1. Anything in region 149-180 that is more than 22 Å from residue 58 (Cβ to Cβ) and under 22 Å from the mean Cα position of the chain (by Cα)? List them, or say none.
2. Looking at region 80-97, is at least one residue surrounded by fewer than 16 Cβ atoms within 10 Å (Cβ to Cβ) and under 13 Å from the mean Cα position of the chain (by Cα)?
3. Looking at region 21-39, can you tell me whether even one residue there is surrounded by fewer than 16 Cβ atoms within 10 Å (Cβ to Cβ) and on the phi > 0 side of the Ramachandran plot?
4. Looking at residue 91, is it within 19 Å of residue 47 (Cβ to Cβ) and modelled with pLDDT under 95?
5. Can you go through 61, 48, 146 and tell me which one is within 20 Å of the chain's Cα centre (by Cα), modelled with pLDDT of 95 or more and outside the structural domain of residue 186 (by TED's automatic domain parsing)?
Ligand code: SF4
């Protein structure tokens, strides 16, 4: 009764599909390793740089980086140290609350992220060969799977505000931060809402 048993998979479509997910995850790992060899960064360093670049500023914390990498906060801290040594990120204390630490990309970090832009293109090219209808069906089914895995605590999921159930658009029209988050009770600018947030919940 194992998805790694070919005989079991022959008569079990669910097992076959699950085994395919494992193969795809192997491809994803290899994509990161291939990129890491070219850019002289480890896969976790790459993931951390992407996380810092595409996540809302307030949500870039050691704890969230650790969740994103599925590792302990101490390990995430070590990865941040290594990126700081490479001068790709900068740590700074919040001026109002000295307990808070901000993590920002340096100019070299931004250049590194630009070189990582095409990561995952191999998979996207394959998906793009499907018709629009097929892509819609696939997206829907995969979304249902990721939702269940998120509920089980196996995926750390995030997305942008525009599709989030806590998002309230144009609450304060004319303000530089006109939008509002009902979950974090915070005002949001146009820039804020285009960054991923770990508190995201789909409508
Ligand atoms: S919880 Fe939702 S609305 Fe609030 S910042 Fe996160 S994604 Fe945006």
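1. Selection gives 149, 151, 152, 153, 154.
2. no
3. The answer is no; no qualifying residue exists.
4. It is true that residue 91 is within 19 Å of residue 47 (Cβ to Cβ) and modelled with pLDDT under 95.
5. 48
The values are calculated or read from the model by the stated rules, or taken from the named source; none is laboratory data. Remember, it's a predicted structure, so these values are computed and weren't measured experimentally. Positions of Cβ are generated from backbone atoms using ideal geometry, with glycine treated the same way; all protein chains shown enter the neighbour counts.
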